[in-house]
């Protein structure tokens, strides 16, 4: 039925099954120095998709629910929804005779910088894939997740969908996902304030050109960061985790950011920056204990700026999306 490889994904359904339920975790896009290239999953908020195989050759969204603000504004038209668009791309590529009906349970806040739009499409793809007679590999699902995420972001970039599909830290290009080694001691804190920052507005802040000197500095930091991950070298990760391109332009869009970052650094963070497009802020630590000690202080910094917030502590090598 398909030219796509299926060796990496186990058969997930019995013949009588026609419904699958899957989750996708939140994620930290960019990881500061890897704009549109790097991301990692977090063990915290998640989106859930319930997908039903239907006879009609179409994709439809039957319901979107959740306890996050703005969920009522999400489009039910499949082509305008990240989950719907991803399954349309899947159906078209495989020339499936059946269709899919989707229900989404949103657990990731909208406009949070935690990959909420990506999580919906990844969860839907994982659930729909479980209903195929020959499920596809995660690599084969990647192009469909990119097309789904592009509905929200306006471009093809995998820094959120790739770590959701694979877990942990992933280097994502438009053509491939590359999982990166992650030391087990690495933990993160992600703090989400009661603010909303739309991805398109955050990207607009980056429209002016950058001087060559800043590009060279960022490339140096990225090289140190990736080498530090490969070697499990906390000192090298610390040297590399400095964003001189994106963070300075987006930080003014996030009230309280500077204080939250400083709180993380004061508690021995290896580095801290903006999660995805913001307004969430992440920090990496060399142990779970250090992350747990920093989390309430980082949250308090947002509260002092006038915004309630939630803090999540997670291993950086967080689990991938799965069928429930």
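Things to note:
- Restricting 295, 277 to residues that are assigned by TED's automatic domain parsing to the domain that holds residue 234 and in a loop (DSSP other than H, G, I, E, B) narrows the list to 277.
- Test: residue in the stretch 84-101 that is in contact with a helix residue (DSSP H, G or I) (Cβ under 9 Å, 6 or more places away or on another chain), closer than 24 Å to residue 193 by Cβ and modelled with pLDDT of 95 or more: no
- Residues being at pLDDT 95 or above and within 19 Å of residue 115 (Cβ to Cβ) - total across the stretch 67-83: 4
- Scanning the stretch 215-237 for residues that are modelled with pLDDT of 95 or more and surrounded by fewer than 19 Cβ atoms within 10 Å (Cβ to Cβ) gives 216, 217, 219, 220, 223, 227, 230, 231, 232, 233, 234, 235.
- Every listed requirement among (1) assigned to a helix (DSSP H, G or I); (2) in contact with a helix residue (DSSP H, G or I) (Cβ under 9 Å, 6 or more places away or on another chain) is met by residue 218 save one, (2).
- Among the residues making up the stretch 298-322, those that are assigned to a strand (DSSP E or B) and out of contact with any helix residue (DSSP H, G or I) (no Cβ under 6 Å at 6 or more places or on another chain) are 310, 312, 314, 315, 322.
- Residue identified as surrounded by 17 or more Cβ atoms within 10 Å (Cβ to Cβ) and either more than 30 Å from residue 180 (Cα to Cα) or within 20 Å of the chain's Cα centre (by Cα) (or both) among 76, 104: 104
- Subset of the stretch 18-69 (residues that are over 30 Å from residue 219 (Cα atoms) and assigned to a loop (DSSP other than H, G, I, E, B)): 18, 55, 56, 57, 58, 67, 68, 69
- Hits in the stretch 180-200 - residues which are crowded, with 16+ Cβ neighbours inside 10 Å and farther than 30 Å from residue 231 by Cβ: 192, 193, 195, 197, 199
- Residue among 137, 112 that alone is crowded, with 23+ Cβ neighbours inside 10 Å and outside the structural domain of residue 230 (by TED's automatic domain parsing): 112
The values are calculated or read from the model by the stated rules, or taken from the named source; none is laboratory data. Since the model is a prediction, treat every value here as computed from it, not as a measurement. Cβ coordinates were reconstructed from backbone atoms using ideal geometry, including for glycine residues, and neighbour counts include every protein chain displayed.
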